[in-house]
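K.L.:
Mind looking over this structure? Questions follow.
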Amino acid sequence: MLLLFTLSSLLRLDILIWVAGVPLLLIGLLLLVIQQRQARQLAVDLEQMKKMKRHSIEYDLVLKAMKLCVWHLDVQSHLVTFETDYRDKPNSLCPQPDTKLEDVCALMSPDDAGKIAKGMEDLMAGRLDEQHLQYRIKPPGSSAAYWSEGYATIDKRGMDGKPLTIVGTSMRIDDQKEIERELIEARNKAEESDRLKSAFLTNMSHEIRTPLNAIVGFSEVLLEVQDEAERANLVRLIQENNDHLLRLFDDMANMSRLEAGSGAVRKTRFPLSVLFRELADKYAVAARKKGLAIVVEDEGNAPDLYTDRERLAEILNQLMSNAVKFTEQGSITLGGEATDDEMLRIWVRDTGKGIPEDQCNDHLFERFVKVDEFVAGTGLGLAISRSLAQSLGGRVGVTSVPGEGSCFWVELPVG
């Protein structure tokens, strides 16, 4: 009996162990499965974290390469926050976190602030999904505005589809705008050069053909004229047209030489009074024929000058030639005086018909510009004078009163 009781007890214990062990085994297996799943999920999470980190590095690298700053705007509060800034230009605007959009727009150029505000309103209202604008902005404490280019797009929307946040980037485009300005100037100069070339060809065709026709025509008539006085008059006309033609070629040669930059400046010290007297003697005959007097003002006190004598003589030749051409009565005065900024101003003053005030500007000294289109000439003389003066470190100018005369002058450094 005892043995049977013992076996029965052991059997019940074994059954009890099995009954209790199976659930434990199942629980263990379940825990093992869960642990493996967690391990796999952890591995996936780690891989995603690595990718996110790599993406973050790549993102920062793109921002650095593009020299961008990133900002976001809370639509409800109108607060702007600049997050990352890789702009390398000085004085770039970077407002404090949670700055009002209106305060940022207030720093923009008045011409640009309106379109920026309108563009942001369209984004915040959901009428547009993105915006691209260029604008000028002047940070507080900065003396100059700079150009910026911005891109903005909707980042998050609410359940009703209305925008909640807007994200954008900004970059400095000062260099780009400077290149654009230079390209526009180059285009304008090319167009102006093309216009001037056409004007030059038209003008030269007329200016050269006129004296040539006169020389050829008078030469043919000269062979048939017997009267000595008439022959002398024809010879004079031929000589005048010949001088005019030579002057045209000299002007064209001088302009071509100056534009090519050929010819070194050779400075020497010489008495200005001697140059004045040479010019007065040179134009005395032409002035006498028109009844004009040539006056050298304060000739004995004219100072010595250290500059390129030949270039200065060419400038004054151009001015004297114009004075004789456009003056019908009175006098032509040649003189000079020191100015307050250590420059010497040399002038040619006439009593001609004068020039309207609105034409007494730098445009008058450009190529092919003529005050009177009906007077023979290429319109190169004053342009040549300006180029020569600039090569000597000086400048030219004019003052005039219509009906009373004009005063053309050149200023050169004294030493």
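K.L.:
Name the long-range amide H neighbours of Arg395: under 5 Å, sequence gap of 5 or more, or other chain; modelled H, no Pro or chain starts.
P.N.:
Counting only residues 5 or more places away or on other chains, the set is Glu411.
K.L.:
If you roll a 1.4 Å probe over the range 273-415 with all protein chains in place, what percent of the accessible area is carbon or sulfur?
P.N.:
48
K.L.:
Kindly report the accessible area of the range 207-251 per residue (heavy atoms of protein chains, probe 1.4 Å, no ligands, DNA or RNA), in Å².
P.N.:
On a per-residue basis, 65 Å².
K.L.:
Select from the range 56-114 those GluC sites (Glu not before Pro) which occupy a DSSP coil region and have at most 11 other Cβ atoms within 10 Å, ordered by residue number.
P.N.:
none
K.L.:
Hey, another quick one. Apply the a/c threshold of 1.5 to the C-alpha gyration tensor of the range 285-415 and tell me whether it is rounded, prolate or oblate.
P.N.:
Since a/c reaches 1.5 but b/c is at least a/b, the shape of the range 285-415 is classed as oblate.
K.L.:
Please give the contour-minus-distance gain from Val401 to Asp122: 0.36 nm per residue of separation, less the Cα-Cα distance, rounded to one decimal in nm.
P.N.:
Between Val401 and Asp122, full extension yields an extra 94.6 nm.
K.L.:
Would you please give the residues with an amide H less than 5 Å from that of Lys100, counting only those at least 5 places away or on a separate chain, with H modeled from the backbone geometry?
P.N.:
It is Val80, by chain and number.
K.L.:
Could you name the lysines in cross-link range of Lys289, using Cα to Cα under 28 Å and dropping any fewer than eight places away on the same chain?
P.N.:
Of all the lysines, those that pass the test against Lys289 - Cα under 28 Å, at least 8 places apart if same chain - are Lys325, Lys353, Lys370.
K.L.:
What do you get for chymotrypsin sites (Phe, Trp or Tyr not before Pro) in the range 323-415 restricted to DSSP loop and a cutoff of at most 10 other Cβ within 10 Å of the site's Cβ?
P.N.:
Filter output for the range 323-415: Phe374.
The values are calculated or read from the model by the stated rules, or taken from the named source; none is laboratory data. No experiment lies behind these values; they were computed from the predicted model shown. Please note: Cβ atoms are built from the backbone with ideal geometry, for glycine as well, and neighbour counts cover all protein chains shown. Calculation scope for accessible area: heavy atoms of the full protein, side chains included, ligands and nucleic acids excluded. Shrake-Rupley method; radii C 1.70, N 1.55, O 1.52, S 1.80 Å.
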